[in-house]
Amino acid sequence: MLTASQQKVYDYLKSRSRTGLPPTVREICAATGLKSTSSVHAHLKTLERKGYITRDAGLNRAIHITGDDDAIPLQVPLLGRVAAGQPILATEEIEGYIPYLPPRRTSDATYFALNVRGESMRDIGILNRDIVIVKQTPTAEDGEIVVAMIDGEATVKRIFREPDRIRLQPENPEFSPIYAKEVTILGRVVALVRNY
């Protein structure tokens, strides 16, 4: 647990770590409103002792944030295909990893990535050979873009629940909706990666 002043110093250090250059002690004073450099040194020592930062002895600007998970991209497994009946993250299905920095990280969130094959979602900008980042969840709201398993195949579509069936809606008029009594939702599409 940090005091308000320690938290202010830590938050400033985190914001500066994203720019690449750690601040000087005087810059920390100016940014946080602390009056003396000795106060900053005391807070830095406490942050180091509590494991929030590390410092290189005798060097200026040698402050490193430890465990700053919010600033480190996740390595999301890229699945070439999803086999029916197999766990979604079966290691033999992983083709590689895609870096992804979620807007807000939660410890219980699991992500995976899939190669998009086809043009059924082109009108909303999901093109053939794109990679979609998917937040694994068994549920989705009507209208959300999901990866769903139907007849042993994974597909990317908008989902809509109708009175007696589920509609997986493409975003391209050249493709027809897919109707089913039930589908398995593997997750919601949360990001797109396109390589040129």
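Let me confirm something: among Pro102, Pro73, which residue is farther than 17 Å from Thr184 by Cα, in contact with a Leu (Cβ under 6 Å, 6 or more places away or on another chain) and either surrounded by 13 or more Cβ atoms within 10 Å (Cβ to Cβ) or at pLDDT below 85 (or both)?
Pro73
Looking for whichever is within 19 Å of Thr184 (Cβ to Cβ), modelled with pLDDT under 90 and touching a strand residue (DSSP E or B) at 6+ places or on another chain (Cβ under 9 Å) here; the options are Asp130, Asp142, Asp151. Which one fits?
Asp151
So, of the residues in the stretch 154-195 that are among the hydroxyl-bearing types (Ser, Thr, Tyr) and within 19 Å of Gly118 (Cβ to Cβ), which turns out to be surrounded by the most Cβ atoms within 10 Å (Cβ to Cβ)?
Thr155
Which residues, counting only those in the stretch 24-63, are more than 32 Å from the chain's Cα centre (by Cα) and of a type in the set (Gly, Ala, Ser)?
Ala30, Gly33, Ser36, Ser38, Ser39, Ala42, Ala57, Gly58
Checking the conditions here, which among Thr139, Thr110 is under 19 Å from the mean Cα position of the chain (by Cα) and farther than 23 Å from Leu78 by Cβ?
Thr139
Would you please name the residue that is farthest from Arg61 (Cα to Cα), looking only at residues in the stretch 1-21 that are at pLDDT 75 or above and among the charged types (D, E, K, R)?
The extreme case among them is Lys8.
Within the stretch 1-38, track down each residue that is assigned to a loop (DSSP other than H, G, I, E, B) and loosely packed, with under 13 Cβ neighbours inside 10 Å.
Met1, Thr3, Arg18, Thr19, Gly20, Leu21, Gly33, Lys35, Ser36
How do the pairs read when you match residues in the stretch 117-128 that are polar (S, T, N, Q) with residues anywhere that are assigned to a helix (DSSP H, G or I), using Cβ under 8 Å and keeping only pairs 6 or more apart or on different chains?
What qualifies is Asn128/Arg122.
The values are calculated or read from the model by the stated rules, or taken from the named source; none is laboratory data. On a predicted model such as this, the values are computed, not experimentally measured, just so you know. All Cβ positions, even for glycine, are placed from backbone atoms using ideal geometry, and neighbour counts span all protein chains on display.
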